[in-house]
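The values are calculated or read from the model by the stated rules, or taken from the named source; none is laboratory data. All values reported here derive from a predicted model rather than from experimental measurement. Here the Cβ positions follow ideal geometry from the backbone for every residue, glycine too, while neighbour counts run over all protein chains shown.
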């Protein structure tokens, strides 16, 4: 029976979807379109060369296994790559054989997008909207914050795509497949930092390039002033000379039709001449409202890369990096406590660290867990409810897969006994309850039983490394997981 290429690819997608995170699936596999199936060769279409290279680097083994499952050991995968050249779509084919060792695709060459060249301009004839009237500027001030660099932008799974795309642009501005680059995500995740980092790197590596950062709000204000002064042509001419234009918060283009019209003309000229455009936004371009379809379409020409909230490990790496820069030392417990509670905003991590510095330098306070709890209260609504015996019982019971009720019961099953003793140990260590109060919570046991349980746990920790790690992990969860309750 002849297999249909659409059905084959759909079967592959169903397998792939079960193997990777939903976010990765929507980013890297939903945009792919099956093209044809000839014998054992399936052809798929990908948006650009960067997309193809990312698949090859990160998912080729999974693709190989999945397609072989559908088509057999001699299966081949071929790519049609869409490349934008001066606004026109070109088809390029790359082939990846899955029959043997997987290597680089044949026929890879340089991007079709031409390399931009900087043409100097005379500020006497083209007015710079950043210059105070009456004051001449010979060179364009990029308006970049020198503190925002790639070195300060810690990589994690949450930002890997955007950061790597930024590095590629910094090396070859205007020559990569992702022009424009749209960086989107929630507040405080590093969009502006990354945009500045790209600009700073280009300024450092490509001295002749005219780089300019501008917020969308400032861009709109400049347009208003140029209209008032009957100088719109001068305004447009200035921006069309920029080699790398970075526009922050393009969501503020919404419902500003004149601003959109002018930005559309500037964008077209820059893109057609192979110059780089970088934008940030608080949402994906497709979700923008009140912006002309022709602009939205152009925003999709390159790469839209989102910044996700960093996971716990990445937050800890970010905080540790900032601590090292400030010359601050914090215990591991404090680092974990802070990073567990500050989950969605890197900017708040910086705020917590600044608060620690202020408390230490101005008030001579030692930075301990109690101080950390006080500081965190300024950043999150609910923080560190009182540790209760009930909470400890629930957490330990869940870990050992037993019910909370059996901890207070009389059963002597080994797993239940260990869970009960460990719960008593943590209750004694992490609460201010008396031995009698702890015993009462475990079915009315007396204080001697609590002492014996604590002693047993300590002995086991000294002889059993695995058990010791279990105790440490549960203790950490008690300290850090209260915010989820």
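Pick out, from segment 387-485, the helices (runs of 4 or more DSSP H) lying fully within it that include 1 or more residues that are farther than 29 Å from residue 340 by Cα and more than 38 Å from the chain's Cα centre (by Cα).
Values: elements: 389-400, 404-407, 414-430, 435-441, 447-463, 465-480.
In segment 387-485, the matching helices (runs of 4 or more DSSP H) lie at 404-407, 414-430, 435-441, 447-463.
Of all the helices (runs of 4 or more DSSP H) wholly in segment 143-230, which have at least 3 residues that are under 27 Å from residue 349 (Cβ atoms)?
Details: elements: 160-171, 191-205, 216-228.
Filter on segment 143-230 gives 160-171, 191-205.
Inside segment 298-355, can you point out the residues that are within 29 Å of residue 176 (Cβ to Cβ) and over 16 Å from the mean Cα position of the chain (by Cα)? Spell out the reasoning first.
First pass over segment 298-355, keeping only residues within 29 Å of residue 176 (Cβ to Cβ): 298-311, 314, 317-318, 321, 346-347.
Residues satisfying the conditions are 298, 299, 300, 301, 302, 321.
Show the residue pairs meeting these rules: Cβ distance below 8 Å; 6+ apart or different chains; first residue within segment 208-231 and without any contact (Cβ under 8 Å) to a residue 12 or more places away in the chain and in the same structural domain as residue 252 (by TED's automatic domain parsing); second residue part of a helix (DSSP H, G or I) and surrounded by 19 or more Cβ atoms within 10 Å (Cβ to Cβ).
As it stands, the answer is none, since no pair meets every condition given.
With out of contact with any helix residue (DSSP H, G or I) (no Cβ under 6 Å at 6 or more places or on another chain), under 16 Å from residue 241 (Cβ atoms) and modelled with pLDDT of 60 or more as the only criterion, which of 141, 157 stands out? Break it down stepwise before answering.
Values: 157 fails: under 16 Å from residue 241 (Cβ atoms).
None of the others qualify; the one that does is 141.
Name the pairs whose Cβ atoms lie under 7 Å apart, with the first residue in segment 35-53 and under 17 Å from residue 13 (Cα atoms), the second in a loop (DSSP other than H, G, I, E, B) and at pLDDT below 75, and 6 or more positions between them or separate chains?
That search, which allows pairs on different chains as well, returns 37/3.
Quick one: in segment 13-39, which of the residues that are over 24 Å from the mean Cα position of the chain (by Cα) and crowded, with 17+ Cβ neighbours inside 10 Å is farthest from residue 79 (Cα to Cα)?
Selected residue: 37.
Please enumerate the residues belonging to segment 175-190 that are modelled with pLDDT of 85 or more and either buried (at least 22 other Cβ atoms within 10 Å of the Cβ) or not assigned by TED's automatic domain parsing to the domain that holds residue 284 (or both).
Scanning segment 175-190 gives 179, 180, 181, 182, 183, 184, 185, 189, 190.
Yes or no, residue by residue, for (1) modelled with pLDDT under 90; (2) part of a strand (DSSP E or B); (3) closer than 24 Å to residue 345 by Cβ:
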{"position": "266", "(1), (2), (3)": "no, no, no"}
{"position": "270", "(1), (2), (3)": "no, no, no"}
{"position": "280", "(1), (2), (3)": "no, yes, yes"}
{"position": "286", "(1), (2), (3)": "yes, no, no"}
{"position": "289", "(1), (2), (3)": "yes, no, no"}
{"position": "301", "(1), (2), (3)": "yes, no, no"}
{"position": "309", "(1), (2), (3)": "yes, no, yes"}
{"position": "313", "(1), (2), (3)": "yes, no, yes"}
{"position": "316", "(1), (2), (3)": "yes, no, yes"}
